[in-house]
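Structure first, commentary second.
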Amino acid sequence: MIRLPAFALAAALAATSGLADDDSGFGLAGILSASNKEDLPPITLGAGLPLADAPLALKSGTYYEIEIEADGSQELALVGADFFRAIWIDEIVIEGLEIRPLGLDSVEFDEAGTMEIGFLAIKPGSYVLRVPGSTGETQRLDITIE
């Protein structure tokens, strides 16, 4: 038996019933349609650099793409298990390689590079992504899903 998350089942039912074309405005892909996608400002990982310019405010049910860019100045990670459990991760792209995980706890860069994460915001609440072991306000990114 195949089990789908409730939102995926609803999207699949809407797409197969024709509702996605007529009622939702999203098109055949439902909530994964391009019209429901938004690009977020990148997160920067670098020694002493702030992670972002401002907190992120996301809307539940919207698909987002965000780049995490490391400058290679030191080995750095981002942790945020609560945030990663409040979203559905569609894919992580690293140098053209697509990864489709069941979940995440953290990501780490040992050298310079870029990672793109495509995800659907799901569970409303307040979350934090942070550099582990750091205490500075610039080493955390506050995220709200409404």
For segment 33-46, what does the Karplus curve 6.51 cos²θ - 1.76 cosθ + 1.60, with θ = phi - 60°, yield as ³J(HN,Hα) per residue in whole Hz, taken in order and with x for Gly and Pro? 5, 4, 5, 10, 9, 9, 8, 9, x, x, 9, 10, 10, x
So for segment 76-129, using the alpha carbon gyration tensor with a ≥ b ≥ c as root eigenvalues (a/c under 1.5 gives rounded; past that, a/b versus b/c decides prolate or oblate), I'd call it oblate
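Read-outs throughout are calculated quantities, based only on the coordinates presented, and are distinct from any laboratory measurement. Note that the coordinates shown come from a computational prediction; the quantities given were computed from them, not determined experimentally.
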